1. For K163, list the aspartates and glutamates whose Cα falls under 17 Å from its own Cα; do not include residues on the same chain fewer than 8 positions away.
2. How many angstrom lie between the Cα centre of region 126-176 and the Cα centre of region 65-115?
3. Express the relative contact order of region 155-255 as a whole percentage, based on alpha carbon pairs under 8 Å and six or more residues apart in sequence.
4. Would you pull out the residues with amide H under 5 Å of T343's amide H, same chain only if 5 or more places away, H placed 1.01 Å from N?
5. Can you tell which of I507, A181, N415 lies farthest toward the positive end of the dipole of the chain, using +1 and -1 charges on the Cβ of basic and acidic side chains (Lys, Arg; Asp, Glu)?
6. Along the charge dipole of the chain, pointing to its positive end and built from +1/-1 on Cβ of Lys, Arg, Asp and Glu, which listed residue (I216, L46, P36) has its Cα farthest out?
7. Of all trypsin sites (Lys or Arg not before Pro) in region 64-118, which ones are in loop regions per DSSP and have a Cβ with at most 12 other Cβ atoms within 10 Å?
8. Enumerate the aspartates and glutamates that K448 could reach by cross-link, defined here as Cα to Cα under 20 Å, with residues fewer than 8 away along the same chain left out.
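What follows draws every value from the coordinates through simple rules; no lab data is involved. Nothing here was measured: the structure is a model prediction, and the numbers come from that model. Neighbour counts run over all protein chains shown; Cβ positions are idealised from the backbone, glycine included.
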Amino acid sequence: MFISERVFQNLELDYIFNRITVYTPYGEQCKKEMKPFLREEKEFLLEEYNRIEKVVSLLEKHRYTFVEMRSIFKHIKDLRGSFKRIEEDEVLSTVELFEIKSFLFFLLKLDDLLKKLKWNVPKNLKIMPMPSLMDLLDPEKSGVNTFYIYDAYSKKLQTIRKKIKDIESQIHRSKKEAREALQKELNIKIRPNGEVLVNKSNREMVEALEKCKGLIYSSETYMNITFKVKLDESLDEKFKELDELKLQEEEEEFIVRTQLTQELKKKLDDFYRNIKAIGALDLLIAKGYLAVGMKGVKPQVSDVEKLHIVEGRHIKVADTLRKQGKEFTPITVNLKKGVTCITGANMGGKTISLKLIGILSAMAQYGLFVPAKAMTFSLKDYIFFSLGDLQSTDMGLSTFGAEILEIKKIIERVNERGLILIDELARGTNPAEGYAISKAIINFLKNKNTITVVTSHFDGLTDDEEVYHLQVKGLEGIDYETLKQEIESQCEFGIEIVHKYMDYRLIEVKNKNKVPRDAINIARLMGLQEVLLKEAESHLEKC
């Protein structure tokens, strides 16, 4: 497995995938079926990158064409149920035939739009209009996106409908003549539907209407009585004949629908090819929009085990900060196989940096552009991410127990090429044992094929020359006195002010003996008593 559900959730990759906006049911299916490209699929991944790059390029020049295309996508219905019914020799309804005609109509429009782009569309994205079926479902060549069982389908149907129309005309004429005769006789206005409404207070009119043989009582309210024109008994036969003809019409329409369904069945393979192409096209365009929206770049794939990110951005955090009127500090990191340890104060963004490495690596391997200025990476067999506050309530395990259980599973895969990310290694136990276990794990992983990145607050883990040490730059170079005065003047915003001045970039630590002091400096800025800080510094000098 490339990435477990837990790792997917902990990296919050759903935030990225939710931004891949598809509009067709077929695009939604393609999105659900998205899989990472594995090492042996490098060529396919490069092809996918090139396709996204092409869409991004076309979006810059033909944005309105893509708007039109996505507008069509929104109207495409899921026809797979109808296709299944065709396969099983069931007869399609008029509504289903209309939906299929609409689909054929949309195929023509999409094909025209793709031609406008002058895009040499990859084979799996090619839309194939089906003109013969368009003619079948539009026998009158109206070119209108509507459908009914046309007279042109059957001479018999045409004859039946003509008879129906003639009889309905006769009935309508008889009703009209009866209505006009009564209006003249009674000197009243009768509605086109044959109803007469009279106020109960008009007793003379009520009595006259009750005595009229051409009217019958229909209904009444508190204020009014409604009478209706009585139909001539000679029309009864006409109504019976009309019912019989409508039954014949229904039977003949069923025969026509059966014939149309059989014709559509011959082209089912073409239908399935088209919905597959529409799904792939919908998803590809969505990936292009994602790349443009997050100012993403095409990752470069290396055969050498490495991960180089230049000014990468954590999109979710960046979006949150933007809403607060703040900016995300881009992270640059250059990793190779072995172990890298990131240190720094707890509010220094180590976890964000670790997540960013995991998110961008996963995005790249899922065939997406990444939010960075540049990125070069090698394909991995898996990505593992252990979050510092991991707990397993289902199994009743402590934080430490759950973490070790996860690490045990991944240690069994160290002979594969993986990316292992561990946040605050062994934080869930006592410091002495936590350090010992962390040291053992780092020593085990440092010569493996994996790229391992851990964050830790344990001293001594980076003493080994083979462990690459990165540190959050933090408050290095800041004028603490000026910063302290700013915090004292706005004490309720102290934490926010520190965050404003914190530099979250990662820098290489070459002096292994230099102990970082960000935690003590932050404590001093937050107003912790000086006597305590002096004692803390004296203890630090002894380390």
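1. Of all the aspartates and glutamates, those that pass the test against K163 - Cα under 17 Å, at least 8 places apart if same chain - are D151, D236, E237, E241, D243, E244, E249, E250, E251, E252, E253.
2. 21 Å
3. 32 percent
4. L470, Q471, V472
5. Value: A181.
6. Farthest towards the positive pole: L46.
7. In loop regions of region 64-118 (DSSP not H, G, I, E or B), the sparsely surrounded trypsin sites (Lys or Arg not before Pro) are K118.
8. Partners within reach: D303, E305, D381, E406, E412, E416, D423, D463, D464, E465, E466.
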